[in-house]
Amino acid sequence: MFKLLAFLVTMSYVAGYSVDVCYASQKYPFVSSLQDKFCYSKHNLFKKPSKNNMGKILYWVKDVNNLDEKDIIRLRNDVSKYGAVVIKKQRLTRYQQEAFTAKLGETIILPSSFQGNNSYLGHPAIAAVSNYWQNGSWKGPQHSFGQYWHKDGNYFPYPKNFIFSILYGDEISSFLEGGGTGFIDACLARDYAPQHILKILKDTKIIVKVNFITDFRNGLKEHLERYPTAEHRFIFKHPLNKRECVFLFKVTEEQELFYTQEELRAFDEIWKFMQQELFFYFHKWSQGDILIWDNMAVFHRAMPIIDKGEKRTLYRTMVRINL
Ligand SMILES: [Fe+2]
């Protein structure tokens, strides 16, 4: 039996495939000690390992202002397939960004007190993500908005958290240092997640309240109260790309009481596990880029700007995809 297994493993690697040791260990318990080292948690004996395809440039989109219904369906599928996509050389007014966003689904309008100082006058669906104030003065070298791994809309229950975020690079200095947008592929992370973590968090309900969100800490009470507590499964099935993906929320000290010590250790371990080259994409901005990501499929964060006054202005909208 061991010879047969060794033969299968060797042949599968020669063929460019990887054997799923999880599956093998269910059938042949003597290989279970190999599980965490090799287990990619798939349930087929032969399966091509998934790849990280985030940051895919969609050359087929020429102008987002001229997309028909068929193009919009194709675009939605591409965003969910790749997790994060880039459309180059676009030019959008705020009105055009709102119109493009509304074509994709149901525009999300956040309460004004959740926008920090980023709301854009006359356009409640738009957040201005910039190191400059709207009056043209520099904000200075310190900002931290969105500089932690998260999913936008994670305070909505499944599947209402199926939300795309759209960032348009309106003005990007070519001398800008830093200021990129980072991504972790949450579906690929699920494929590779260590078996013992999956086991510990199998039945864990991850609790998210809107007042846990760092960027909403100045939200008005009446705004915060609009959102009931959401509970998420650690592993969930993506409604469009049909893959299993990871949901996680950074637990702060005051939320620790919701979880066992074992669960808290597993959260720490999986956060560390996901922060490796295999799961990363870092987008370096060019003027006219549109970056769209699927918050179910990826985690994202803003990377700090090495801020010497080089201008970077992005405009963000969010849209719920109702299938
Ligand atoms: Fe965000």
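Please treat every number below as a calculation from the coordinates, not as lab data. Remember, predicted model here, so these are calculated numbers, not experimental data. Cβ atoms come from the backbone with ideal geometry, glycine included; neighbour counts cover every protein chain shown.
Annotations for the structure displayed:
- Pairs beyond 18 Å (Cα-Cα), from Lys89/Lys151; Lys81/Lys205; Lys62/Lys88; Lys56/Lys284; Lys139/Lys284: Lys89/Lys151; Lys81/Lys205; Lys139/Lys284
- R0 of 35 Å, Cβ-Cβ distance Lys308-Lys199: FRET efficiency to nearest 0.05: 0.10
- The range 227-308, relative contact order [Cα under 8 Å, separation at least 6], %: 25 percent
- Once the gyration tensor of the Cα atoms in the range 89-234 is diagonalised, the equivalent ellipsoid follows with semi-axes of 30, 20, 17 Å, ordered largest first.
- Model label sites at Lys237 and Asn135, defined 7 Å from Cα along the beta-carbon direction, differ in position by 5.4 nm.
- Principal axis analysis of the Cα atoms in the range 54-96 yields extents of 27, 21, 17 Å, listed in decreasing size.
- Greater than 28 Å apart at Cα, pairs in Lys160/Lys308; Lys221/Lys308; Lys70/Lys160: Lys160/Lys308; Lys221/Lys308
- Each of Tyr148 and Ile73 was given a label point 7 Å from its Cα along the Cα-to-Cβ line. The distance between the two points is 4.1 nm.
- Modelled FRET efficiency - R0 35 Å, Glu254 with Ser112, Cβ distances, 0.05 increments: 0.85
- Stretched out straight at 0.36 nm per residue, the stretch from Ile207 to Phe273 would grow longer than its current Cα-Cα span by 21.7 nm.
- Taking 0.36 nm per residue of sequence separation and removing the Cα-Cα distance, the Ala102/Lys284 pair yields an extension gain of 62.9 nm.
- For the pair Lys56 and Thr229, the difference between a 0.36 nm per residue extended length and the Cα-Cα distance amounts to 58.9 nm.
- Spin-label model distance (nm) - Lys221 vs Glu177, 7 Å beyond Cα toward Cβ: 4.6 nm
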